[in-house]
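The values are calculated or read from the model by the stated rules, or taken from the named source; none is laboratory data. Every value quoted in this text rests on a predicted model; they were computed, and no experiment measured them. Note that each Cβ is placed from the backbone with ideal geometry, even for glycine, and that neighbours are counted across all protein chains shown.
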């Protein structure tokens, strides 16, 4: 036994002094008053009975003293906070690191997942700790920002808040010196841990066939043609019959069945030409599949409608050739004299011209108009800047995705006032590309003939991005399960079924949590993008690649007592006081 509040010598002295004080008070005898009686005959019977019961009298006094001393010692020693290791456990610190990678959701032979077994192991560690053991709960995703605690129930609640999730996994940094560190894992996602760490394995070989890649892409040779690329791999120990189904939101389906040997990969392409636009769901079914997260994948098929685009120009071979080759564009052309608004037009492109009145549809204006045009809805030129160099550009804006302009050469550009506009690219002297949200238009303050922009690899991408930003549906952005970042500020996030998803804006980006595969939409103003969230990672689907399949740290049996020993000593003292009070009033004890 050791003591947490005193040294053993101090505790012994306290116990000895307490016991002697109680015994001394019992042994002190009051001096009885002498009384003269007329005869002792009447007291003979009383004296005889007293002699007959003298043994019980002595025992009764001894038992009374023993109870009193026991009560006093219990109260005194409780102050010293005694601890018995085999009874209450050790008071050393314990750090529990739980592997929260995606493979921990794999089902085991008993029908429960590796994660559920890991939680059981972690809570067994809590029960094996001492009454004063300080517990720290950490995870491999770096999200367990829990403070150390000596409360087992609180630590158990911390463990209950964790869940397996996709994402980068790493062994956390442990700062507690002298603590015992336990790592509970299946050994798949994290292959190494510090040498001093005690590892508890929850690995068991499992069957898994998973979708490792799914993508919807356009067919360059076919206008408005799309295809789906699907990759499926068998990570289990035996051959599996796999059913594959692609389903559109309208109910259209493509189905096939294949047989995959252990370790075999299927790579296939599916023609979506007869599918209408909307969400596309890929699913696989196999016997005894132990991991469900990689059995589904989602994509988005844009509505198959070409953008009716009116090009207003006096002649521009660059633009005409580019727009004619774009399978998503239905091109109409006119010169400034023949321009007139048409309700059937989706997008206008004005080349070195702008009408006096803003069109009802979005417009791309190439070359800032001179003041004589009277286009008050734009920014008129206030001079010319020679050979401007691009110094800044908004690479996160949708129209600049995959467009590099750092080596763009411009002979001259108009100087404009860009107040209340979004500056997409600029030199030190003037904005070069600006955008307006309402009404929606994009303007280049230079024309194509005075720059090498049409010769840049990014020019076709830029035009395509502008047309998409104007309202054309795009293919989905692919993200992994877990924390999803959208390059839009204050976007509203919804599932494919229209359910709102909690999100927050950080550094101009919208962030939300996607715990499972699904299709989400992000909307900000008139801009909407689709986000396909899938597992799609061989490292997560390969559930049998454990590095410590047989290792296991022995967890000691639960301790008898869940609280410190002083709590039970105080309880025992109160119980004995109650017994003593009852027996005293019954004249059993003194």
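Worth a mention:
- Residue in segment 369-378 that is touching a helix residue (DSSP H, G or I) at 6+ places or on another chain (Cβ under 8 Å) and not assigned by TED's automatic domain parsing to the domain that holds residue 491 present: no
For (1) at pLDDT 90 or above; (2) more than 19 Å from the chain's Cα centre (by Cα), each residue gets a yes or a no:
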site	(1), (2)
480	no, no
487	no, no
517	yes, no
532	yes, no
554	no, yes
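- Consider segment 124-134 and keep the residues that are farther than 16 Å from residue 185 by Cβ and part of a helix (DSSP H, G or I). The one that is modelled with the lowest pLDDT is 128.
- Taken over segment 119-145, the criterion of being within 19 Å of residue 202 (Cα to Cα) and touching a strand residue (DSSP E or B) at 6+ places or on another chain (Cβ under 9 Å) is satisfied by 119, 121, 122, 125, 126, 128, 137, 138, 139, 140, 141.
- Meeting the requirement of 3 or more residues that are within 30 Å of residue 141 (Cβ to Cβ), the strands (runs of 3 or more DSSP E) wholly within segment 385-503 are 477-480, 482-486, 492-495.
- Condition check for residue 255: outside the structural domain of residue 167 (by TED's automatic domain parsing), buried (at least 21 other Cβ atoms within 10 Å of the Cβ), over 25 Å from the mean Cα position of the chain (by Cα) and assigned to a strand (DSSP E or B): no
- Strands (runs of 3 or more DSSP E) wholly inside segment 270-358 containing at least 2 residues that are under 30 Å from residue 260 (Cα atoms): 278-286, 296-301
- Restricting the search to helices (runs of 4 or more DSSP H) fully inside segment 1-91 and requiring at least 1 residues that are modelled with pLDDT of 75 or more gives 8-27, 54-79.
Conditions (1) under 28 Å from the mean Cα position of the chain (by Cα); (2) surrounded by fewer than 15 Cβ atoms within 10 Å (Cβ to Cβ); (3) part of a loop (DSSP other than H, G, I, E, B); (4) without any contact (Cβ under 8 Å) to a residue 40 or more places away in the chain, marked per residue:
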| residue | (1), (2), (3), (4) |
| --- | --- |
| 199 | yes, no, no, no |
| 203 | yes, no, yes, no |
| 207 | yes, no, yes, no |
| 213 | yes, no, no, no |
| 227 | no, no, no, no |
| 238 | no, yes, yes, yes |
| 243 | no, yes, no, no |
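- Residues satisfying the stated conditions in segment 151-166, i.e. assigned to a loop (DSSP other than H, G, I, E, B) and closer than 13 Å to residue 117 by Cα: 163, 164
- Being loosely packed, with under 15 Cβ neighbours inside 10 Å and in contact (Cβ under 8 Å) with a residue 40 or more places away in the chain holds for only one residue in 107, 163, and it is 163.
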